[in-house]
Structures are given as structure tokens and as C-alpha cells.
Amino acid sequence: MKPLLLSHFTATSCIGRGLSETLNALQQGLHALKPCDFETVDLQTYIGEVEGLDTVKMPPHMQAYDCRNNRLAQLAMMQDGFDQAVMEAAQQYGRDRIGVFIGTSTSGILETEIAFRNRDMETGKLPEDFIYPKTQNTYSVADFTRHYFDLTGPAFAVSSACSSSAKVFGTARRMIEAGVIDAAVIGGVDTLCLTTLYGFNSLGLLSPQACRPCDAERDGISIGEAAAFILLERPTEQLDDDSILLLGLGESSDAYHMSSPHPEGLGAQMAMQQALKTAALTASDIDYINLHGTSTPSNDAAEAKAVNAVFNTQVPCSSSKGATGHTLGAAGAIEAIICALALRHAFIPGGLNTQHIDPQLNINYQLENKPQTLKRVMSNSFGFGGTNCSLVLGLAKQIGSN
Amino acid sequence: MTVLTAYISGIGLLGPGLSSWAASSAILKGTQPYEANKTIIPAPELLPAAERRRASNIVKLSLATSLEALATADMLTTDLPSVFSFSNGDGLNCHSICECLASEDREISPTRFHNSVHNAVAGYWSIATKNMATSSVLCAYDGSFGAGLLDAMTQVVVDDTACILMTSDTPYPEPMHSKRPIPDNFGMALVITPQITAQSIAKISVDVTQEAADIFSDPLLESLRSHYPSGRSLPLLQAIAFAQSQAQSKRVIIDYLEDLRLLVEVTPC
């Protein structure tokens, strides 16, 4: 594929608002997961909550979009001058030449969960102020983003569970290459809600403590919330040294089971191999893998088998989910940005919380941050329904793109 | 933008009074009267027993329309990229989860939970068709068909691959029904190919436009188009039906977003 430039990006999660706080948290190994005290939830688990969302105010003409998910989207896009960068791109290319493709799994469902509690006692009707299309509907956050930036190009939400905001890179690639658009605002936004907390609990997949990816005693996920945005464009002729490029992308389906990965990670292998192939690289070109690494027994086992099948056992890898929690539909985008920070600041981020690496996984899992020049890294995102997506990102000055 | 050109090589359709594409093209052309009957969804024979038990209407609907489209396209399915573009997903499943979470006992069913993801249909479909190729799972509210068509066309044109597009709607029960009144089940599938095949039905060229979307003069057909997000595909299917029988090119404007529509030129094969 033709490489694409991540010209601007930003991320907000429980480890920080914006890139600077996120980088500091990663470099200092900040523990931000906490015992669950979200809303009325009564479960023994840990969560990664973004503080302060209750005080975020929607723009006056966009009140109908008011919900936790869009508040987090707005808070995130105001960091790192991202909103300014989109406005400038709109001036450069035209508002109709910028697409908006945002990943989310649960959108504003929390509003509906609360609206059901507040049904009219006599008629059973939902409250008048519950606005389905602007909050619960899966499109809501992409619609909100498009209106917030006053863009008029194509837009939709991508909602394939935990691969959603990795797959938006693929959507944008096709749209740009086809000439439908010149640039895309892509990303992922997912927020805490009862459906995912009680839902993962029903499957026995919530850890009672902060999740420990790839630990021999890992026992489930910690759910987090996050928003991450990227402005994706064709590379300029003269790239800055610290420019981050999307070099390759692989997508596949397990065709195996609705909520368990293929035990050999067959679909994951296909996604990783295709990502290498589209980047015209081989396994030895990858300096670090940011694993999907959810900390469920089955995901980490299947992913390790897939990594072993595609790479040698020495490639350093880790999961960011011990830091951010599993941010579901936002995970792909925020982990791509963590990879971009690792490339720019030349370090391998160590995975938090893990005490004893599961020897059966046979992977080079990193427990500590390690200074190291990185040229190209891979980020994996897999999800329910057997959806898989792998990205290859590279640092311009290291791969000689100038 | 660059006009995206490809071939419609298979069509599947299922909705109220529309039992298949084969049975509906005459209705869309007006040579056969439309009768408003409830949608009848066939059993999903292709699914393994465990998945068949858990499959909801939106899964069965999408399987039925995709199988008709694949059969007319005469296409093997194990390596076929797919696009699923749904306005809501499974309405009954969403209702059941929200009702449970609003009750004293919040123990939701694991099956309900894994069926709640927007890509549940893509998961079942890939299992049923043993298809390990990529699937895009999208939503653009009432513009979901337009979004899916645009995404599918970019796959076909950029990656030079065939692609199947599925778009389906199922109703919510009350109280959600009052907020999102989808009357019945409706689904549509298109197999799109980069080159002409022996089965190709029409050539389409897709561009974006600010012009208003075409509406039907027939009130019954217009009711289907306007009540179902996946029914927004019907003006395109009508243009294909006319192109097929009259060997004439047609120009049709498909609804997408409030300020953006898709202009489709339909040419007979």
C-alpha cells in the first residue's frame, strides 16, 4: 500500500489527557486503573475512568448530542491542537474533501440504559429528553465529530467491537486511495456503560483486580474508556524526522466463534501477515508489537500462538491494557498512538501489572520500559465476532522516507 | 471526486411484500402490483446448530439476502470481503439488555451480550459461509446504505476485489419503537465485482452529490424507502430493474447524509 501520514493525533484515557500526559504516564508506569465505582455498578472489578466528563459542555447548537461518549470525544479533540489542525486541513483541502470515520462499540448506550430506568410508570414510555439518533445510535460519535468540525465529506461509524478503531485506518486508506477524499479524521471513542461491564461479567471475563496481560494467572479484563483521534493524509514530499507513517494494514475474520478467538489465532496470523505484506516487509523488520493483550486466558494464548507463527520468539512485545484498561472500540486508535509515541521517543513500553509471564506463551513480553530506537512497530486489535486488524507504523527518519 | 465504477453481479432482497430480488424486480418496475405483507424470514440452514439457536432476526435476514445475492452471482464465498452497514442492529436484543439493566437483577445473558455487538451479524455470517476475509461493519443512521455502498465501492476499486454489501433493519419493541419506528424486517444484499462477469446485471458508477435524493411517486414504494434505512437502496434496485429490461442507462440519486447524497449511473450489461 501507499504509506499514509498521521499528520496530527491525540489521545485521552485514564492515564492522561493529550499526548504529553499520556507519554509521561507511560514513561513513569502510572497505575490508573481503580476499583469500579462507576454509576450504579456493583461489580468486583477495576475500571479505567476518564475524570471530569460530567463537567464537559457540548457547544450550544449541539446539545442534542449530549452523552458521555460525545463528551469524551469533545474533550479529546480539544487536546494537542487537534481541532485547530482539522480546521486548517479543511481550509487546505475543502470541507467536503475530508472524511470522518470513527470506531465505537457502544456509542451513547449509557443514555438508553438510564432512560430505561426512567420510563414512565404508567405508559412505559422513555423520557422526552432521550434523543436516540444523537446519542445511542452507533453513528452518533461520527456524526458529532463531523458537525463539530463543520465537515461535509463522507462519514460513518465503524463498529466491529474491539477492532473498530484499528479498522478505521483501512477505511480511510481506501477512501483516500480511491480519490473520494484527501484526508480523514479517524479515531475511536468508547465510554464506560452498564452493558459492557455487566456483559463481560456475564461471560466471566472481568478480572477482580487490575488486569495482568500475559501473566500466568491472568483472569480477565479491566474495562477502560478512551478517545483517540488521528488526521490521516497522503505524505508530504518533505517529511519531518518525527513523522509517523501508516505502512501496512491487515484485516481478517476468524469464522470460528462469536466470543472466543480461534485457538491457534488463525485469523490473527492472517491479519499480521497481510499487514507485513501490504507494507512490503518481513517479520524481522518489526521492532516491537503492541499486543491486543486483553488479559483473558484465551485471547493472550491465541495471540501468542499467532505471534509465534508469524514472528520469531524474540520480537519484544507488550500490552497497553494494564495501563489504560481495555478501551474496546477505542483500543485500536489509542494503541496506534501509543505506538507512535514509542517510535518518536525511542522506547519500548513495558506492560503494567503482570508479575509472572506465562511461560507457555513463549513470547518476549516486556515488563519494564526500555530505551530503544524503533523503526517499525505493529499494533494488533481483535474483537468479538472474530474480527482482526493489524497495523504497521513507522518513524520517518528511521525508515529513510525522506 | 473520482467516479467509482464497478458491476452489480448479484442481488438479494427481503422485506414486507418483497420475498426476493427475483420476485420483486417486476414490482419495482410497476409491472406487478405491490402487496403489503409482513416480511417472512427463512430459517438459517447454513449455520451450525449452536449458532442457529442463537441467531436473531437480523442474522437470518442478512443470511437470506446474502445467499440470494451470492447464488445469482454464482460466487464461491470463502475469500470474499464483506461490508455490513446497519442503522440499528438487533432491536429486540438491545431492548432485552436495557430492560434487564434497568431491573433489580442485572445478570444479562451471555448470548444477549455477544449478540449486542454491531458486528454480531458479521461474526455469524463468517461462520456460516466459512469466510475469513475482512468485513467492514458500519453505521450511518438513516444513511447506512449509502455509507455501505461507498465503502464497498472503494474496496472493489482500490483493492480490485469482489465484495458483498449487506444492509438490514429489524424493529425495536416499545418503548424504543416510539423513538425509532422501524415497522418490520427489511434487508438487501449486493455482490459487487470489479470486472464484468457472466452473471453481471448492471454497471454502476458512483459519485457524491449535493442534489436531493430521488423519491418514488408510488406511495407504497416510497413508504418502504422512507421507513427503512436499508430501503433507501430501492431506487437503485428499481434503476437496475429498468436497465435490465429496457436496456437503457438510468441516473439515480441515493439518500446518504443530510447534506451529501450518492449519484449512481446504472448501465445495462
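Values computed for the structure shown
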{"quantity": "Histogram of C-alpha separations across segment A:335-390, 5 Å bin width, %", "calculated": "4, 16, 20, 21, 21, 13, 3, 0"}
{"quantity": "Student exercise, chain B dipole from Lys, Arg, Asp, Glu Cβ charges, in Debye to nearest 20", "calculated": "420"}
{"quantity": "Karplus 3J(HN,Hα) series, Hz, for segment B:72-77 with 6.51 cos²θ - 1.76 cosθ + 1.60 (x for Gly, Pro)", "calculated": "5, 7, 6, 10, 6, 10"}
{"quantity": "Other protein chain Cβ atoms within 10 Å, averaged over every residue that makes up A:254-262", "calculated": "6"}
{"quantity": "Virtual spin-label span in nm between A:GLN28 and A:LYS125, 7 Å along Cα→Cβ", "calculated": "5.2"}
{"quantity": "nm² value of the averaged projected area, convex hull over the Cα atoms of segment A:188-234", "calculated": "4.9"}
{"quantity": "For segment B:74-137: Kirkwood Rh in Å [reciprocal of mean 1/r, alpha carbons]", "calculated": "13.3"}
{"quantity": "Neighbour-count order for A:LYS277, B:LYS203, fewest beta carbons within 10 angstrom listed first", "calculated": "A:LYS277, B:LYS203"}
{"quantity": "Nearest-20 debye value, chain A charge dipole, Cβ charges on Lys, Arg, Asp, Glu", "calculated": "760"}
{"quantity": "Fully extended contour minus Cα-Cα distance, from A:VAL56 to A:GLN84, at 0.36 nm per residue", "calculated": "8.2 nm"}
{"quantity": "At R0 = 35 Å, FRET efficiency that the Cβ-Cβ distance of B:ILE215 and A:ASP150 yields, to 0.05", "calculated": "0.80"}
{"quantity": "Globularity ratio of the protein assembly as shown, using Cα Rg and 2.2 N^0.38 Å", "calculated": "0.90"}
{"quantity": "HN-Hα J in Hz across segment A:380-391 - Karplus 6.51, -1.76, 1.60, θ = phi - 60°, x for Gly and Pro", "calculated": "9, 9, 10, x, 3, x, x, 9, 10, 8, 10, 10"}
{"quantity": "Degrees, to the nearest 10: B:234-246 long Cα axis against longest axis of chain B", "calculated": "40"}
{"quantity": "Ranked list, fewest to most other Cβ atoms within 10 Å of each Cβ, for A:THR145, B:THR77, B:THR197, A:THR191", "calculated": "B:THR197, B:THR77, A:THR145, A:THR191"}
{"quantity": "Radius of gyration and maximum dimension Dmax of chain A, Cα, Å", "calculated": "19.8, 69"}
{"quantity": "Separation of the A:ARG117 and A:ASP37 label points, Cα + 7 Å toward Cβ, nm", "calculated": "1.7"}
{"quantity": "Averaged over B:34-42, number of beta-carbon atoms from partner chains that fall within 10 Å", "calculated": "0"}
{"quantity": "Amide proton proximity set for A:ASP215, modelled H, under 5 Å, gap of 5+", "calculated": "A:ASP358"}
{"quantity": "Long-range amide H partners of B:VAL208 with built H, under 5 Å", "calculated": "B:LEU263"}
{"quantity": "Segment B:118-269 - convex hull of the alpha-carbon atoms, volume per residue in Å³", "calculated": "129"}
{"quantity": "Segment A:105-259 - convex hull of the alpha-carbon atoms, volume per residue in Å³", "calculated": "189"}
{"quantity": "Cα-based Rg / Dmax (Å) for segment B:39-183", "calculated": "15.8, 53"}
{"quantity": "Label-point separation, B:THR78 to B:ILE196 (7 Å along Cα→Cβ), nm", "calculated": "3.1"}
{"quantity": "J(HN,Hα) series, segment A:137-149, from Karplus relation 6.51 cos²θ - 1.76 cosθ + 1.60, nearest Hz, glycine and proline x", "calculated": "3, 4, 6, 2, 6, 6, 4, 4, 4, 4, 6, 4, 8"}
{"quantity": "Cα Rg over Rh - segment A:187-290, Kirkwood", "calculated": "1.03"}
{"quantity": "Residue-averaged beta-carbon neighbours from other chains (10 angstrom radius) around A:362-371", "calculated": "0"}
{"quantity": "Alpha-carbon centroid distance for the pair segment B:42-102 / segment A:317-350, whole angstrom", "calculated": "33"}
{"quantity": "Solvent-free Debye scattering, log10 I(q)/I(0), computed from the Cα coordinates of chain B at q = 0.09 Å⁻¹", "calculated": "-0.38"}
{"quantity": "Within straight-line cross-link reach of B:LYS29, aspartates and glutamates at Cα separation under 19 Å, skipping those fewer than 8 residues along the same chain", "calculated": "B:ASP214, B:ASP218, B:GLU222, B:GLU265"}
{"quantity": "Mean projected area in nm² (Cα convex hull; one quarter of hull surface) for segment A:105-197", "calculated": "7.0"}
{"quantity": "Sequence ranges B:56-66, B:14-24, A:308-318, ranked by mean other-Cβ count within 10 angstrom, highest first", "calculated": "B:56-66, B:14-24, A:308-318"}
{"quantity": "Along each principal axis, Cα extent of segment B:165-217, largest first, Å", "calculated": "47, 28, 21"}
{"quantity": "Directionally averaged projected area (convex hull, Cα atoms, segment A:4-233), nm²", "calculated": "14.0"}
{"quantity": "Relative packing of A:336-342, B:169-175, which averages over residues the other C-beta atoms within 10 Å, highest first", "calculated": "A:336-342, B:169-175"}
{"quantity": "GNM top mover of A:ASP242, A:ASP54, A:ASP300 - chain A, alpha-carbon springs below 10 Å", "calculated": "A:ASP54"}
{"quantity": "At 1.002 mPa s and 20 °C, Stokes diffusion of segment A:245-396 via Kirkwood alpha-carbon radius, µm² per second", "calculated": "143"}
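Every number here is computed from the coordinates shown, using simple stated rules; none is lab data. Note that the structure is a prediction, hence the values are computed from the model and not measured. Because the Cβ atoms are built from the backbone with ideal geometry, glycine has one as well, and the counts that use them run over all protein chains shown.
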